[in-house]
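Asks: Below is one structure. I have some questions about it.
The values are calculated or read from the model by the stated rules, or taken from the named source; none is laboratory data. Predicted model only: the values in this text are computed from it and were never measured. No Cβ is skipped: glycine too gets one built from the backbone with ideal geometry, and neighbour counts run over all protein chains shown.
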Amino acid sequence: MSALAGIKVIDLTRVVAGPFCSVLLADMGADVIKIEHPGRGDQVRGQGAMVNGFSAYFAQFNRNKKSITLDLYTDDGKAVLRDLIRCGDVLLENYRPGVLDRMGFDAAHLTNLNPDLIVGSVNGYGSTGPYADRPSFDFIAQAMSGFMSVNGDAGSPPLRAGPPLADLVAGLYTAFGVACALVNRGGRGEAGGQFVESSLMGGLVSMLAYMSAEYFATGKAPRRTGNDHPVLCPYGLFHASDGDVAIAPAGEVFLKRFFEVLELTHLCDDPDFADNDARVRNLARMNAIVDEKIGTNTVDYWIDILNAAGVPCGQVQNMETLFHDPQLLSQDMVLSVEHPGRGKIGMTGFPVKMSETPCTLHRPAPELGADTEAVLQEFGYDAAKIAALRKGGVL
C-alpha cells in the first residue's frame with residue numbers, strides 16, 4: 001500500500017512547478033490524471049534531450065501519471081472536467097490567478113461540484129496583491145524574491161541558481177499543503193475541502209533562512225559571499241593539488257578537529273583567529289592559510305583524512321561522478337525506466353524514504369492521451385459517448 005493510494009488527483013498543470021507537485025503525489029501512490037490539450041499536450045514534451053523521440057525532461061516530471069486529452073476551450077470538454085472533479089479528491093492547477101474562474105471553475109462552483117475537493121494552486125506571486133496578475137517564471141522569481149541578490153561572488157552581479165529552484169520549491173510546498181489538507185479532511189468526518197496555494201516568489205522568500213533573519217535583526221542587506229559563508233570561517237571551497245574540496249567545519253568542535261588535521265592548532269592562540277568573529281574579520285588571510293595546506297595533497301587524500309577525523313567535507317561532483325557515486329546508488333537515487341517503444345530513460349529516484357508506504361515507480365510517463373478511454377470509462381463514460389467526444393475533437 002502506498003501512502004496516497006486511493007486518492008484521485010485531477011492535474012491541469014504543465015511545464016515544471018505544477019507537474020513537480022503532482023509527480024510527488026503520484027510517487028506517493030495517488031492516481032494522478034494529467035489533462036493535456038489534444039494534439040500538443042504539455043509543452044515540455046518537446047523540450048530537452050530526446051530518447052527515441054521522447055523528452056527525458058518530461059519523463060522525469062510525469063512518471064506514475066496517466067494522460068488524457070481534453071479540449072477545455074469547448075463546452076463538452078468543460079463538462080467532462082466537471083464529471084472528473086465530482087469524483088476526484090484533488091484538483092491541481094498552475095494558471096495565472098483568475099484563469100480558472102474565467103473558464104467557469106471559480107471557487108464557489110468547485111465547492112458546489114465537490115465540497116470535499118482540495119484545490120492546489122501554484123502561481124507566480126499569489127492570488128492576491130498588486131502582482132497577482134503578473135506572469136512569472138523561475139528566473140523572474142529568483143530575481144524578485146531576493147534570492148538572486150545574495151547568490152554569487154563578492155563584487156559580482158546577482159546570479160541565479162542553475163536548477164529551477166523557484167519552480168521546485170513552489171511545487172514541493174503545494175504538494176506538502178495538499179497532503180496536509182488530505183490529513184485534515186480525513187480526520188474531520190465531514191466535508192473538508194479547502195484551497196491550497198503556493199507561489200514561486202513566496203516559496204523562495206521562505207528559503208532565505210539565516211540571511212533574512214540577519215536582515216531583520218540588523219536592517220542590513222546581506223552581501224554576496226560566493227562559496228564563503230557569511231558568518232562562519234573557515235568554510236567553503238579550498239584548492240587541493242588536483243581539484244577543489246568543500247569543507248564546512250561549522251562550530252568549535254569541528255574546527256578543532258580540522259585544525260588538528262591541518263596542524264594549525266597554534267592559530268587558536270592567535271588573536272586574529274582565536275574565535276569565529278576574529279576569523280570572519282580576517283577571512284582572506286584565514287582562507288589563504290587553509291588553501292596553502294590543502295594544496296599540498298590531493299582531493300582523495302583530504303576527503304579520506306578529514307572524514308576520518310569527523311570533519312564535514314566533500315568533493316565537487318559533476319553529473320558523471322554524481323550518478324556513479326556509491327552512496328547515491330545505495331539510496332536508489334538513480335532509476336532506469338523502460339518506456340514501451342522508446343527504450344530506457346534514466347531519472348533520479350525518490351528522496352523521501354518511508355518504511356511502510358514507500359514511493360514506487362509503477363508506470364513510466366505516459367504518451368499523450370494514452371489513458372483517455374480507460375480513464376473516462378472508469379468515470380462512467382460508455383464507448384459511444386467517448387466516440388462522440390473524439391469525433392467532435394474534444395478528446
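Asks: Go through the stretch 7-46 and give me each residue that's part of a loop (DSSP other than H, G, I, E, B), touching a strand residue (DSSP E or B) at 6+ places or on another chain (Cβ under 9 Å) and modelled with pLDDT of 95 or more.
Replies: Listed by number, the residues that qualify are ILE7, LEU12, THR13, ARG14, ALA30, HIS37, PRO38, GLY41, ASP42.
Asks: Related question: Given the conditions (1) buried (at least 16 other Cβ atoms within 10 Å of the Cβ); (2) outside any strand (DSSP E or B); (3) of a type in the set (A, V, I, L, M), which single one is not true for ALA284?
Replies: (1)
Asks: Turning to a different aspect of this structure: Identify, by number, the condition in (1) of a type outside the set (S, T, N, Q); (2) in contact with a helix residue (DSSP H, G or I) (Cβ under 7 Å, 6 or more places away or on another chain); (3) surrounded by 12 or more Cβ atoms within 10 Å (Cβ to Cβ); (4) in a loop (DSSP other than H, G, I, E, B) that LEU376 doesn't meet.
Replies: Every listed condition holds for LEU376 apart from (4).
Asks: Could you tell me whether the stretch 318-341 includes any residue that is assigned to a loop (DSSP other than H, G, I, E, B), of a type in the set (Asp, Glu), closer than 30 Å to LEU255 by Cβ and within 31 Å of the chain's Cα centre (by Cα)?
Replies: yes
Asks: Would it be correct to say that LEU72 is of a type outside the set (Lys, Arg), touching a residue at least 12 places away in the same chain (Cβ under 8 Å) and either under 23 Å from ARG342 (Cβ atoms) or not in a loop (DSSP other than H, G, I, E, B) (or both)?
Replies: no
Asks: Would you confirm whether or not the stretch 12-33 contains a residue that is assigned by TED's automatic domain parsing to the domain that holds CYS359, surrounded by fewer than 18 Cβ atoms within 10 Å (Cβ to Cβ) and not aliphatic (A, V, I, L, M)?
Replies: Checked the stretch 12-33: no residue is assigned by TED's automatic domain parsing to the domain that holds CYS359, surrounded by fewer than 18 Cβ atoms within 10 Å (Cβ to Cβ) and not aliphatic (A, V, I, L, M).
Asks: Still on this model: Considering only the stretch 108-118, I want to know if a residue exists there that is in the same structural domain as ALA79 (by TED's automatic domain parsing), among the small types (Gly, Ala, Ser) and touching a residue at least 40 places away in the same chain (Cβ under 8 Å).
Replies: No, the conditions are met nowhere in the stretch 108-118.
Asks: Could you go through the stretch 217-226 and let me know if any residue there is in a helix (DSSP H, G or I) and farther than 30 Å from ALA5 by Cα.
Replies: yes
Asks: With respect to SER206, is the statement that it is more than 30 Å from LEU113 (Cα to Cα), polar (S, T, N, Q) and either exposed (fewer than 15 other Cβ atoms within 10 Å of the Cβ) or in contact with a Pro (Cβ under 6 Å, 6 or more places away or on another chain) (or both) true?
Replies: Criteria met by SER206.
Asks: Would you confirm whether or not the stretch 122-133 contains a residue that is surrounded by 15 or more Cβ atoms within 10 Å (Cβ to Cβ), touching a residue at least 24 places away in the same chain (Cβ under 8 Å) and either in a helix (DSSP H, G or I) or not assigned by TED's automatic domain parsing to the domain that holds LEU24 (or both)?
Replies: Scanning the stretch 122-133 turns up no residue that is surrounded by 15 or more Cβ atoms within 10 Å (Cβ to Cβ), touching a residue at least 24 places away in the same chain (Cβ under 8 Å) and either in a helix (DSSP H, G or I) or not assigned by TED's automatic domain parsing to the domain that holds LEU24 (or both).
Residue by residue, here is whether (1) outside the structural domain of GLY129 (by TED's automatic domain parsing); (2) at pLDDT 95 or above; (3) more than 24 Å from VAL15 (Cα to Cα); (4) crowded, with 18+ Cβ neighbours inside 10 Å holds:
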{"position": "SER156", "(1), (2), (3), (4)": "no, no, yes, no"}
{"position": "PHE176", "(1), (2), (3), (4)": "no, yes, no, no"}
{"position": "ARG185", "(1), (2), (3), (4)": "no, no, yes, yes"}
{"position": "ARG188", "(1), (2), (3), (4)": "no, no, yes, no"}
{"position": "SER198", "(1), (2), (3), (4)": "no, yes, no, yes"}
{"position": "ARG224", "(1), (2), (3), (4)": "yes, no, yes, yes"}
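Asks: I've got another one for you. Criterion first (in contact (Cβ under 8 Å) with a residue 24 or more places away in the chain, surrounded by 15 or more Cβ atoms within 10 Å (Cβ to Cβ) and touching an Asp or Glu at 6+ places or on another chain (Cβ under 6 Å)) does CYS359 satisfy it?
Replies: When the stated conditions are applied, CYS359 passes them.
Asks: Could I ask something else about it? Within the stretch 240-283, which residues are without any contact (Cβ under 8 Å) to a residue 60 or more places away in the chain, under 22 Å from GLY310 (Cβ atoms) and of a type in the set (Asp, Glu)?
Replies: Residues satisfying the conditions are GLU252, GLU260, GLU263, ASP275.
Asks: Here are the criteria: (1) in the same structural domain as ALA365 (by TED's automatic domain parsing); (2) assigned to a loop (DSSP other than H, G, I, E, B). Tell me which single one SER2 does not satisfy.
Replies: (1)
Asks: Being in contact with a helix residue (DSSP H, G or I) (Cβ under 7 Å, 6 or more places away or on another chain), closer than 23 Å to SER22 by Cα, among the charged types (D, E, K, R) and not in a loop (DSSP other than H, G, I, E, B) is the requirement here; does ASP101 meet it?
Replies: For ASP101, the condition - in contact with a helix residue (DSSP H, G or I) (Cβ under 7 Å, 6 or more places away or on another chain), closer than 23 Å to SER22 by Cα, among the charged types (D, E, K, R) and not in a loop (DSSP other than H, G, I, E, B) - is not met.
Asks: Take GLN60 and decide whether it is without any contact (Cβ under 8 Å) to a residue 24 or more places away in the chain and in contact with a strand residue (DSSP E or B) (Cβ under 8 Å, 6 or more places away or on another chain).
Replies: So GLN60 does not fit the description; no.
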